[in-house]
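J.: Before anything else, here's the structure in question.
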Amino acid sequence: MRRLSVWSAIGVILVLCRTAQAQQPTLVNVLDVDSTIRLDIRYATSNNFTHTVLYPAPIAKLRAAAAESLAAVQRDVRSQGLCLKVYDAYRPLSIQKKLWEIMPNEDFVANPAKGSRHNRGAAVDLTLVDSLGVELEMPTPYDDFTERAAQTFMDLPAAQLANRELLKAAMMRHGFLPLRSEWWHFDFKTAAQYEVLDEPLE
């Protein structure tokens, strides 16, 4: 009887663990993890390359592990008198399809047939701002589809090179990997393990 009760207890614990996991949100709001991160969610406005409002609200969501790591980046750059400003994070697959219709170029927009790291809640587009909220000088504006946006483009003023490297180094210290073609885009190190989502941004 004792052996049966032990196995019964283990079974109850496993059920409780699975229930707790099921109740955890797939995505978390970045500002719930660190409210000091600034947002400039471009697809919630017409100030983006589509010139169309695509998101119903200016919300930045990520997988919990990615959001915690982003908060660590924020603490890192705040120690230098700077702050992160997020342009985009989780992106529903339905929105990815709209972007692909306009820009079917995998150097800049992921093919929705494969799914983007953004669609997995494990990528973030961002820049750095100073203590007054002024963006640091970077090689290009956000969503610039030219060679100047590439991480490896070097024919730039010294300040732009230094600021790009500052952002890249801070992100990499906390588990984010740069995208070659876009200085603003970083994938979380475990992005590949997450499934593609089409949860609405609400």
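The values are calculated or read from the model by the stated rules, or taken from the named source; none is laboratory data. Values in this document were obtained by computation on a predicted structure and should not be read as measured data. Here the Cβ is made from the backbone with ideal geometry for all residues, glycine too, and neighbour counts use every protein chain on show.
J.: I need a count of the residues in region 90-115 that are touching a helix residue (DSSP H, G or I) at 6+ places or on another chain (Cβ under 6 Å) and within 17 Å of Pro58 (Cβ to Cβ).
T.: The qualifying residues number 1.
J.: Given the residues Val73, Val33, which is the only one that is in contact with a His (Cβ under 9 Å, 6 or more places away or on another chain), of a type in the set (Val, Ile, Thr) and closer than 21 Å to Val129 by Cα?
T.: Within the list Val73, Val33, the selection yields Val73.
J.: I would also like to ask the following. Counting just the residues of region 52-84 that are among the charged types (D, E, K, R) and part of a helix (DSSP H, G or I), which one comes out nearest to Ala122 (Cα to Cα)?
T.: Taking the candidates together, the pick is Glu68.
J.: Right, here's the next one. Take the residues in region 139-164 that are under 21 Å from Ile102 (Cβ atoms) and not charged (D, E, K, R); name whichever of them is surrounded by the most Cβ atoms within 10 Å (Cβ to Cβ).
T.: So the residue we want is Ala149.
J.: Something else now. Tell me, yes or no, whether region 187-201 has at least one residue that is in a loop (DSSP other than H, G, I, E, B), aliphatic (A, V, I, L, M) and at pLDDT 95 or above.
T.: Taking every residue of region 187-201 in turn, at least one turns out to be in a loop (DSSP other than H, G, I, E, B), aliphatic (A, V, I, L, M) and at pLDDT 95 or above.
J.: Go through region 100-134 residue by residue and tally those that are more than 18 Å from the chain's Cα centre (by Cα), touching a residue at least 12 places away in the same chain (Cβ under 8 Å) and not in a helix (DSSP H, G or I).
T.: Of the residues in region 100-134, 5 are more than 18 Å from the chain's Cα centre (by Cα), touching a residue at least 12 places away in the same chain (Cβ under 8 Å) and not in a helix (DSSP H, G or I).
J.: Does Ala122 satisfy the criteria of being touching a helix residue (DSSP H, G or I) at 6+ places or on another chain (Cβ under 6 Å) and under 17 Å from Leu84 (Cα atoms)?
T.: In short, yes.
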